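Peer 1: Handing you this structure, nothing more for now.
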Amino acid sequence: MHGANLGEVHSDLGSWDQGARYSRQAIDIADAIGSAQAQSWARATLAPIQLLAGDLAAARQAISAARDHDYPAHRASLSLLSGITWLRQDQPAAAAKEFQASITQAGQQLEQASGDYAALDTKALALCGLALTTEPGKAAEAATVFRAARAITSADGIVRHTLALFDALAAADRGGILTGTRQAAAAADLSNDRGTGPRSH
């Protein structure tokens, strides 16, 4: 899905309008060909763009639409995005449920492929979400999982995407619970020459 790829690229660069436009083009194409995976992916690409652009209502709509075109590989990331959106809307109980679901779903992906860095990043971000909602001690576990992901890849685009979602979460961190966790997600001390392929879908 070329359009969805372009949507991700522009999202990573902070070009929200362009990213959303390419993602919507990808949605139209996916709907035309009737591919469940492509339909889910295109909508799952639009959701974080809307979230990071600050349009929480649009992000929730995109998440719901992606879930209507269910594809197992996208469940963990969609639960994560839903959790972040609920958290930013001051609904910590709803957020915590989504974060826990994301951890479970990411864990299922990791059972099938332990080197799935996207699932590791998703799990770590969801653990950060739990730290902000119900279990502050999860921040240390999140840092450990982030380090595992960065040991597999520290490619710029992947790290940038992860940090953007981390910062969206950290905007709700009024108690400094995640202090120091961002460094583990960024892993600035690791070289960027490993695992430079695109994110898995």
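The values are calculated or read from the model by the stated rules, or taken from the named source; none is laboratory data. Just so we're clear, the structure is a prediction, and the values are computed from it rather than from any experiment. All Cβ positions, even for glycine, are placed from backbone atoms using ideal geometry, and neighbour counts span all protein chains on display. Side chains included, ligands, DNA and RNA excluded: accessible areas come from the protein's heavy atoms. Shrake-Rupley method; radii C 1.70, N 1.55, O 1.52, S 1.80 Å.
Peer 1: Name the single residue that is most open to solvent (accessible area, probe 1.4 Å) among those in region 171-193 being at pLDDT below 50 and in contact with a Ser or Thr (Cβ under 6 Å, 6 or more places away or on another chain).
Peer 2: Ranking the candidates gives Asn192 first.
Peer 1: Being among the acidic types (Asp, Glu), outside any helix (DSSP H, G or I) and under 27 Å from Glu141 (Cα atoms), is that true of even one residue in region 70-82?
Peer 2: So far as region 70-82 goes, no, none of its residues is among the acidic types (Asp, Glu), outside any helix (DSSP H, G or I) and under 27 Å from Glu141 (Cα atoms).
Peer 1: Being in contact with a Leu (Cβ under 9 Å, 6 or more places away or on another chain), within 18 Å of Phe166 (Cβ to Cβ), open to solvent by 10 Å² or more (accessible area, probe 1.4 Å) and of a type in the set (A, V, I, L, M, F, W, C) is the filter here, so list the residues in region 45-80 that pass it.
Peer 2: If the condition is that a residue be in contact with a Leu (Cβ under 9 Å, 6 or more places away or on another chain), within 18 Å of Phe166 (Cβ to Cβ), open to solvent by 10 Å² or more (accessible area, probe 1.4 Å) and of a type in the set (A, V, I, L, M, F, W, C), then Leu52 is the only one that fits.
Peer 1: Right, next: Looking at this structure, is Glu98 touching a residue at least 12 places away in the same chain (Cβ under 8 Å) and among the charged types (D, E, K, R)?
Peer 2: So Glu98 fits the description; yes.
Peer 1: Give Ala118, Ala96, Ala168 a once-over and let me know the one that is part of a helix (DSSP H, G or I), more than 24 Å from Ala53 (Cβ to Cβ) and open to solvent by less than 70 Å² (accessible area, probe 1.4 Å).
Peer 2: On inspection, the qualifying residue turns out to be Ala96.
Peer 1: Hey, another quick one. Restricting attention to region 128-135, does a residue exist that is farther than 21 Å from Leu52 by Cα and more than 11 Å from the chain's Cα centre (by Cα)?
Peer 2: Yes: region 128-135 contains one or more residues that are farther than 21 Å from Leu52 by Cα and more than 11 Å from the chain's Cα centre (by Cα).
Peer 1: Only residues in region 125-145 that are within 17 Å of Gln105 (Cβ to Cβ) count as the first member; pair them with residues that are of a type in the set (Val, Ile, Thr) and assigned to a helix (DSSP H, G or I), Cβ under 6 angstrom, at least 6 apart or cross-chain, and list the lot.
Peer 2: Sorted first by the residue in region 125-145, then by its partner, the pairs are Ala126/Ile103; Ala142/Thr181.
Peer 1: Here's another thing I want to ask about it. When you check Arg150 against the structure, is it surrounded by 16 or more Cβ atoms within 10 Å (Cβ to Cβ), more than 20 Å from Ala73 (Cα to Cα), touching a residue at least 12 places away in the same chain (Cβ under 8 Å) and of a type outside the set (Asp, Glu), yes or no?
Peer 2: Considered against the rule, which asks whether it is surrounded by 16 or more Cβ atoms within 10 Å (Cβ to Cβ), more than 20 Å from Ala73 (Cα to Cα), touching a residue at least 12 places away in the same chain (Cβ under 8 Å) and of a type outside the set (Asp, Glu), Arg150 comes out as yes.
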